[in-house]
Structures are given as structure tokens and as C-alpha cells.
Amino acid sequence: MFRPLLPRLLVGLLATLALSQAHAGLFDDEEARLRINQMRSEFNARFDKLEAGARAQIELANQIEQLKTEIARLRGENEVLGNDLANANKRQKDFYVDLDNRLRKVEPQATADAPPPAPAAAVDPAAESRDYEAALTQLRSGKYREAAIGFVSFTKNYPNSSFQPNAHFWCASALYQLKDNAGAAEHYAKVANQWPDDTRAPDALLGLASTQQARNDAVAATKTLEKLVAKYPSSSAATIARQRLKK
């Protein structure tokens, strides 16, 4: 009676065992796939981080190169501007020297018909020339405040000096550079009014017009320029005055 059941039990047991083994194998494969997917996700995340870091480093390197290029360009421009400024200062100093030399050459001729100066206390010609040259040197060096002080002192210490028109003219020029338009106008006007036959008179009127223009007194500036053209029509200052009047 029990013998027919034995094969059936063996078959069932074997089937259960096989099913159990198959299920275990299926579970191992699923776990492996999950582990592989997890490792792949971790790898991709790390790779993305590395790639982002590399891109950031490349972008930073590009920005550094751009900054270096911009700095080099700005340095070049600064050198050009510095050179232009140095040349402008040199031209201005050369102008002062050349103008003063030319005016000195014609000064005896310009003052030949002037009345003889009143007797004055004796002065040391060497000291007079030294003080005038000292103030003029300050002006040529661009030390306008020191130059103005020196010329004012000269006009007071040597009231009868033949350099008086020069000293007032250059004092006005120094004050004009300092933007002291009122002080510059006073000295320019003194040259034009007190020494109208001096070679500096036309330039003094032109300088006076510049100070008036700087103070936004267009009416006074126009009158001064018209006076300059009418009184000294052949002067180089009159040529400049005509150009200003056309504007």
C-alpha cells in the first residue's frame, strides 16, 4: 500500500528542491544586477563631478588668460599715455624757453623809444638776473606755485627792472596753470596796460581773454580779443584771436 506513494514523494521532494535552487539562483542574479546598477550610478556621479571640476578649471584658466591679456593691453595704453604726457610737458617747457629767448632778443628794439626810467636805488645786476632765472626755472619745471611766488617777489624787489613785463607775464602764465584766473588776469592786464609797446603785450591780451573765458565772461573775452586784433593785427596772437572770434 505504501510502495506506490514512495515514488510520488521522491518526485515531489526533488521538484521542491529544484524549485528552491532555481529561486535562490534567481535571487542572486537580481541582487547582482542591483549592485551593478548601484556601482554604475556611483561611477556616473563621480565622473560627472570630475567632468564638472575639469570644466571649471578650464574656464578659470581661460579667465586668467583673458585677465593677463587685458592687463597687458592696459599697461601698453598706460605707457602710451605716459609718453604722450611727457612729450606734452617737454613741448610746453620748450615753448616757454623758446618764447622767452625770442622776446629777449627783440626787447632792446621794442624799448628803444621808451622814455628813460626814473633814477632808482642801485641794485645788484647779478642778483636781479639770478632771481629772475630762478623763477623762470621753476616755471619750466612745471612748479607753477613756486614760479608765481618767485615772479611776484621779483616784481616787488626790482620795480625798475627791464624784466618787469616778463616777470608779470610769466607770473600770469603760472597762475593761469594753477587755475587762479583772477590773479592771472591782473598780471596779464598790467602788462597790456602798462607796457602796451612791449612784445609781450599782444600775448598778454590773449592770455587775459583766456582767463575771462575760463570765468565764463564771454562778453569781456570777445572785447579783449577784438582789442587785440585791432591794436596788434600783425601779431601771431592776433591770428589766434581771429580764430577764436570765428567760433
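The values are calculated or read from the model by the stated rules, or taken from the named source; none is laboratory data. As the structure is a prediction and not an experimental result, all values here were calculated from the model. So basically every Cβ, Gly included, is an ideal-geometry build from the backbone, and we count neighbours across all protein chains shown. Keep in mind that these areas ignore ligands, DNA and RNA; they rest on the heavy atoms of the full protein, side chains included. Shrake-Rupley method; radii C 1.70, N 1.55, O 1.52, S 1.80 Å.
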| segment 120-146 residues that are closer than 18 Å to N157 by Cα and surrounded by 14 or more Cβ atoms within 10 Å (Cβ to Cβ), paired with ones that are modelled with pLDDT under 95 and of a type in the set (D, E, K, R) (beta carbon under 9 Å, 6 or more apart) | L136/D100
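Here is a yes/no grid of residues against (1) acidic (D, E); (2) over 30 Å from the mean Cα position of the chain (by Cα):
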position: R145; (1), (2): no, no
position: V152; (1), (2): no, yes
position: F163; (1), (2): no, yes
position: H168; (1), (2): no, yes
position: L175; (1), (2): no, no
position: E186; (1), (2): yes, yes
position: G207; (1), (2): no, no
position: A214; (1), (2): no, no
position: E226; (1), (2): yes, yes
| task | Determine which member of the set S173, S129 is small (G, A, S), under 27 Å from L225 (Cα atoms) and either part of a helix (DSSP H, G or I) or out of contact with any Gly (no Cβ under 7 Å at 6 or more places or on another chain) (or both). | result | S173
| query | Looking at T199, T155, which is the one that is under 23 Å from Y132 (Cβ atoms), touching a residue at least 24 places away in the same chain (Cβ under 8 Å) and out of contact with any strand residue (DSSP E or B) (no Cβ under 6 Å at 6 or more places or on another chain)? | reply | T199
| note | L205: passes all of (1) among the hydrophobic types (A, V, I, L, M, F, W, C); (2) open to solvent by 40 Å² or more (accessible area, probe 1.4 Å); (3) in contact with a Lys or Arg (Cβ under 7 Å, 6 or more places away or on another chain) but (2)
| Filtered residue count, segment 132-167, keeping only those that are not in a helix (DSSP H, G or I) and not aromatic (F, W, Y) | 7
| task | Could you grab me the full set of residues in segment 164-198 that are open to solvent by 60 Å² or more (accessible area, probe 1.4 Å) and of a type in the set (D, E, K, R)? | result | K179, D180, E186, K190, D197
